[in-house]
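The values are calculated or read from the model by the stated rules, or taken from the named source; none is laboratory data. Everything quoted here is computed from the prediction, not taken from an experiment. Cβ atoms come from the backbone with ideal geometry, glycine included; neighbour counts cover every protein chain shown. With ligands, DNA and RNA removed, areas are computed over all heavy atoms of the protein, side chains included. Shrake-Rupley method; radii C 1.70, N 1.55, O 1.52, S 1.80 Å.
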Amino acid sequence: MYTKFKQHLSGQLQQIKDDGLYKNERIITTPQNSSIKVNGSAGEVLNFCANNYLGLSDNSRLINAAKDAMDSHGFGMSSVRFICGTQDLHKELEKAISNYFHTEDAILYAACFDANGGLFEPLLTEEDAIISDALNHASIIDGVRLCKAKRFRYANADMADLERCLKESQDCRFRIIATDGVFSMDGNVAPMDKICELAEKYDALVMVDESHSAGVVGPTGHGVAEQFDCYGQIDIFTGTLGKSFGGAMGGFTAGPKEVIDMLRQRSRPYLFSNSVAPSIVGASIEMFKMLSESNELHSKLMSNVSYFREKMLQAGFDIKPTQSAICAVMLYDAKLSQDFAAEMQKEGIYVTGFYYPVVPKGQARIRVQLSAAHNTDQLNRAIEAFIKVGKKLNVIK
């Protein structure tokens with residue numbers, strides 16, 4: 001039975017390779033940090049492609065908190081939350097998340113993909129509408145697909161197009177505008193102040209995914225609600241513990257009590273997935289305590305972003321505008337992006353080429369992600385490598 005299917009898959013995989021779109025995984029043999037060891041590279045390489053925005057992925061305080069939680073609450077839960085998988089630690093972390101985003105309650109998921117995938121279907125029906133930004137993360141797109149609500153899509157951060165969707169959907173019972181806070185491929189920030197103004201004008205709810213914005217955007221890094229002073233106007237937040245917040249696993253939804261209660265009753269990824277492990281929960285609780293004590297990590301991150309972006313523009317690279325820790329170095333050609341990344345690794349710089357289907361065809365790039373863990377010397381080494389490889393591959397003069 002498998003022979004014909006094997007031939008079918010092999011042909012498709014070969015075509016992906018021929019098109020220059022095949023994704024190879026490079027093996028890291030050290031903890032995640034600004035400097036890592038990768039199989040195939042001599043010595044350590046500088047890491048500029050992790051979502052480790054605040055540099056907390058190997059933080060000793062979080063590691064010790066994880067160990068303490070494992071000692072006190074065990075290795076795993078072996079259950080879903082509503083059967084016998086809820087510990088006091090889970091409730092403590094949910095409280096910390098809701099406090100961080102100024103909401104009434106929060107609910108934990110195994111990942112933000114689950115949070116977004118399980119958000120819309122329990123809340124909306126065919127009488128309702130979801131209005132989604134065209135560049136939203138795949139998890140939001142899949143969550144929308146799982147819901148029977150009518151679907152509308154507006155061009156990325158285009159408020160005139162969003163208003164068009166709001167007008168066209170006025171016959172629906174409830175409407176929700178769904179957007180990323182920071183769009184992960186381009187690094188641009190959603191104009192939440194204008195989105196909230198339109199939501200108020202047309203009586204719509206607002207949902208934002210803070211995965212790439214929490215810990216990064218805003219005066220103290222609390223995300224787009226802080227950036228645009230939209231607390232009380234954004235109804236639902238989703239996000240991850242796997243980026244700025246330590247880089248482990250886990251996602252969440254935060255919002256009004258009734259919304260969170262309904263998700264606990266009917267959100268399938270929550271009801272049918274194992275509880276988040278105690279070690280991750282314990283470390284995440286400690287992480288929120290750390291962020292409440294000091295804004296030092298966020299300040300360092302923003303300083304690094306400004307420095308790197310300025311130097312790269314001076315060198316002549318084509319970089320998309322960004323207010324986040326994501327710096328998209330545009331190369332446009334898929335194979336070129338892979339060749340560029342391979343040459344950078346030879347120079348001791350670990351970056352990844354992004355190309356279709358992760359980004360639209362003809363929009364290939366190197367997505368550089370800055371971290372508070374990077375020091376100035378590491379930034380300079382990366383910039384020097386970009387310039388060297390850029391000239392070698394005729395990207396810059």
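Things worth noting here:
- The chain, accessible area per residue, ligands and nucleic acids excluded (1.4 Å, Å²): 46
- Under the simplified labelling scheme, the Lys391-Gln233 pair shows an inter-label distance of 4.8 nm, with each label point 7 Å from Cα along Cα→Cβ.
- If you sort Lys243, Lys397 by accessible surface, 1.4 Å probe, largest first, the order is Lys397, Lys243.
- In a simple Cβ point-charge model (Lys, Arg +1; Asp, Glu -1; nothing else charged), the range 176-261 has a dipole of about 240 debye relative to its Cα centre.
- 16 Å reach of a label modelled at Phe82, 7 Å along Cα-to-Cβ, counting backbone N of the range 226-269: 258-269
- Dipole magnitude of the range 130-204, debye to nearest 20 (Cβ charges: Lys/Arg +1, Asp/Glu -1, about Cα centre): 420
- Expressed as a whole percent, the accessible surface of the chain that belongs to carbon and sulfur atoms is 51, based on a 1.4 Å probe.
- Pairs from the list Lys335/Lys391; Lys150/Lys257; Lys335/Lys397; Lys37/Lys397; Lys23/Lys335; Lys37/Lys243 with a Cα-Cα gap above 22 Å: Lys150/Lys257; Lys37/Lys397.
- Solvent-accessible surface ranking, highest first, for Ile176, Ile27 at 1.4 angstrom: Ile27, Ile176
- Pairs over the 20 Å Cα-Cα cut-off, from the set Lys91/Lys289; Lys194/Lys361; Lys346/Lys392; Lys95/Lys289; Lys6/Lys361; Lys311/Lys388: Lys194/Lys361; Lys6/Lys361.
- Note on Ile27 and Ser294: the model spin-label points, each 7 Å out from Cα along the C-beta direction, lie 3.7 nm apart.
- Per-pair calculated FRET efficiency, R0 = 45 Å: Arg173 and Ser303 via Cβ, rounded to 0.05: 0.45
- Separation of alpha-carbon centers, the range 279-321 and the range 33-56, rounded to whole Å: 15
- Area accessible to solvent at Asp58, 1.4 Å probe radius, in Å²: 50
- Protection proxy ranking, highest mean first, for peptides 118-126, 63-71: 118-126, 63-71, where packing is the per-residue count of other beta-carbon atoms within 10 Å, averaged.
- Helix-derived mean residue ellipticity, 222 nm - over the chain, DSSP H n ≥ 4, -39500 (n - 2.57), to 500: -13000 deg cm²/dmol
- Taking Thr352, Thr253, Thr86 as the candidate residues, the one with maximal mean-square fluctuation in a Gaussian network model of the chain, Cα springs under 10 Å, is Thr86.
- For the chain, the residue among Pro321, Ser98, Gly223 whose Cα projects farthest onto the positive side of the dipole built from Cβ charges is Pro321.
- Using the Karplus relation 6.51 cos²θ - 1.76 cosθ + 1.60 with θ = phi - 60°, the per-residue 3J(HN,Hα) values for the range 121-130 come to 4, x, 9, 10, 10, 5, 7, 10, 9, 10 Hz, with x marking Gly and Pro.
- Area accessible to solvent at Ser72, 1.4 Å probe radius, in Å²: 80
- Check: the chain dipole with +1 on Lys, Arg Cβ and -1 on Asp, Glu Cβ, in debye: 1460
- Diffusion coefficient (Stokes-Einstein, Kirkwood radius over C-alpha pairs, 37 °C, 0.692 mPa s) for the range 204-328: 199 µm²/s, rounded to a whole number.
- Between Glu197 and Lys17, full extension at 0.36 nm per residue minus the direct alpha carbon distance yields a gain of 60.2 nm.
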